[in-house]
1. For the stretch 305-321, which residues satisfy the criterion of being exposed (fewer than 15 other Cβ atoms within 10 Å of the Cβ) and either of a type in the set (K, R) or touching a residue at least 24 places away in the same chain (Cβ under 8 Å) (or both)?
2. Out of curiosity, is R218 of a type in the set (K, R), touching a residue at least 12 places away in the same chain (Cβ under 8 Å), closer than 30 Å to P370 by Cα and surrounded by 13 or more Cβ atoms within 10 Å (Cβ to Cβ)?
3. How many residues does the stretch 303-335 hold that are in a helix (DSSP H, G or I) and hydroxyl-bearing (S, T, Y)?
4. Within the stretch 157-170, is even one residue closer than 18 Å to E204 by Cα and either charged (D, E, K, R) or out of contact with any strand residue (DSSP E or B) (no Cβ under 6 Å at 6 or more places or on another chain) (or both)?
5. Mind checking which residues of the stretch 355-392 are over 18 Å from L256 (Cβ atoms) and among the basic types (K, R)?
6. When you look at A363, is it surrounded by 13 or more Cβ atoms within 10 Å (Cβ to Cβ), modelled with pLDDT under 90 and within 20 Å of the chain's Cα centre (by Cα), yes or no?
7. Among the residues of the stretch 114-129, is any hydrophobic (A, V, I, L, M, F, W, C) and farther than 27 Å from V366 by Cβ?
8. Confirm whether G348 is in a helix (DSSP H, G or I) and either crowded, with 17+ Cβ neighbours inside 10 Å or modelled with pLDDT of 95 or more (or both).
Amino acid sequence: MLRRSLDLAPFALALTLALGGCRPDKAEAMRQPAAPGAATTSDPTNASEPAPDPAASAADEAVAPADDLSTIEDTLPPETVVARVNGKAIRLSSVDAEIEAELRQARTEYVQNVHMLRRQAIEAQVAMHLLSEEAHRKGMLTLEDYLREEIEDTVPAPSKADVERFFEEHLEGVPRAELVELEGDVREHLHMEAKQTRLLEIVERLRKGADIQIDLPRPRARVRTIGPAMGPESAPVTIVMFSDFQCPYCAEAAELVDDLVDEYEGRVRLVVRDFPLASHPNAQAAAEAARCADEQGLYWPLHARLFAHQDALEPSDLRRHARSVEGLDAERFDECLSSGRMAILVEGDRADGEAAGVQGTPAFFVNGYPVAGLVERRELELIIDSELRALKRSGALSPDGNP
């Protein structure tokens, strides 16, 4: 019934996309139409590169059968000869050694992407089950009938004012004649968005009253929990945050995770590790300054001050900020910062982050589960709650959440 219903298909697709999948930005597509004559994958005659010579390809490399492509890398022994130059062999081990960090990141991303796709598909199936049960409970013959009553017949078409507001917010500067031509597409786009919103509201309501248990194992990275920490070592959930003092998103994330440590008192521990980006010229020195404060047991006051003054992180600023920290020995701090001895700790953090697949900041690992970028508080809460529930089921935690 679901697969052959033409009216229901857009809702199934919308549900999958709205639960975390990629959704093309129609407004962006309207703003940037394809250039005339641009090459596309469906038009090979426009390709900018000539097709390879089949004879040359056969002579240069051995092509694996199509069904082996997904596993070929894992089955190649390190001593495999992958090329020869004037009779001298180049082995896979030497190639991989040159791109060790990149390979680690690629493998981490692959595992995370597979997990994300599976989780999205699970969430979509859970939602479809809930919707089908609700349709049956209400005496509907089909899910299609339920969605028609709850969405198609409920969500009004966008008004002229809605369309004009969209034009003002997304298509400013486009000639009026072009906007008139786009009005139908915009109206359809806004109507579908409103239906998606209504659909998700229904699913969220049904989820709250349902017993849902998702047992898909989370991919986890081996990340050392060393560095400045907040919360007890015995906490069942540890959040490792890789951060950069010049990253504005890290400043927001720092406040967020501080609040979570308070919210889950005794159950969550935060460990901060440094990942200064090359694009931020003062981030390395700021990280070393914070470590110098940590040497005196005053990491967190300086940590907060550096994030509060991200526009002032020059060396002289760092010393000035340190002097504002109550109880800090300024001479000892200056000596530490001038010596550069904290650089090795910061570099160690960065190396560990790269090994775990970190490419930007902030990056979180919740009991090893990677979460990249600035995330909503609710997302981290859901992950923490899921970890605590799993530990309770395994017997590692008592029902009241204590180890």
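1. Hits for the stretch 305-321 are A308, E314, P315, R320.
2. Answer is yes for this residue.
3. 1
4. no
5. If the condition is that a residue be over 18 Å from L256 (Cβ atoms) and among the basic types (K, R), then R389, K392 are the ones that fit.
6. no
7. yes
8. Taking the combined requirement at face value, the residue satisfies it.
The values are calculated or read from the model by the stated rules, or taken from the named source; none is laboratory data. Every value quoted in this text rests on a predicted model; they were computed, and no experiment measured them. Glycine also receives a Cβ, built like all others from the backbone with ideal geometry; neighbour counts cover every protein chain displayed.
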